[in-house]
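Trainee: Quick one: structure below, then a few questions.
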């Protein structure tokens, strides 16, 4: 696919030249200010959605999205906050299909939207692009003007599927490249960089990360360590009673219980280890917020020991069946 060349066009009102026109667009004549609709063959119409959320509102929206959670009070406060406005291209395809039902025919319209770029650290799959187009005000795409206040991403040549098309025979199809605005808000805490992505038409935060206070899980650590110490300090006679009770129920239950009980003890240690050893942060994906340990391996050492006990107990149970 070759890049479109600049078209030699002139204003039909005053004859003034229209320089640098690469695609179909709406513009005002630079000479007489007449509103014009320029159609370039084999080039989609290019438009942009004007942002309705400014920098301060975007930063405030990110702060508000973490309210009620154990986030350090110094996070996103002061001059260390960065906010970058992005314009991300989407391919909007409007189709009209002829649907034949019951001996008659009906025209059905269908609109699909797919990202035309894949910016890093921006999960566009969780972005309500159709909602942003419906809320925002469309304007002619002016790359030079937008680049003065934002980062404008170029569309790639990969045509992504925007969903199933309308049923029936497609009689008309129109493709438009629409640039949607997003705020990328970044802040540092303890030398770590955190960021969030905000819909610049609604102020909704649909992706982000934030630090968690180290003391947020202190009560869990104390409880788990106390429980672990209590279990280890149990008299041996109590353990023999538990094992004897299992043997009274069934011989296999006694054997499996003898092997599996240490796994239960190590399971408690694994939970306490997670909360003591690893730093935790908040992760937002759409409307879901969860805590996530940083640099945590898929299985920690206590978890491997725990799984070893349980795996041995299962193998013994299968042999005894």
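Trainee: Have a look at 268, 255, 259 and point out the one that is part of a helix (DSSP H, G or I), crowded, with 17+ Cβ neighbours inside 10 Å and modelled with pLDDT of 80 or more.
Mentor: 255
Trainee: Just to be sure, is residue 99 touching a strand residue (DSSP E or B) at 6+ places or on another chain (Cβ under 7 Å) and at pLDDT below 90?
Mentor: So residue 99 fits the description; yes.
Trainee: Residues in the stretch 297-318: is at least one touching a strand residue (DSSP E or B) at 6+ places or on another chain (Cβ under 9 Å) and either exposed (fewer than 12 other Cβ atoms within 10 Å of the Cβ) or over 29 Å from residue 194 (Cβ atoms) (or both)?
Mentor: no
Trainee: Check 284, 290, 296 and return the single one that is more than 21 Å from residue 312 (Cβ to Cβ) and in a loop (DSSP other than H, G, I, E, B).
Mentor: 296
The values are calculated or read from the model by the stated rules, or taken from the named source; none is laboratory data. On a predicted model such as this, the values are computed, not experimentally measured, just so you know. Cβ sites come from the backbone with ideal geometry, for glycine too, and all protein chains shown count toward neighbours.
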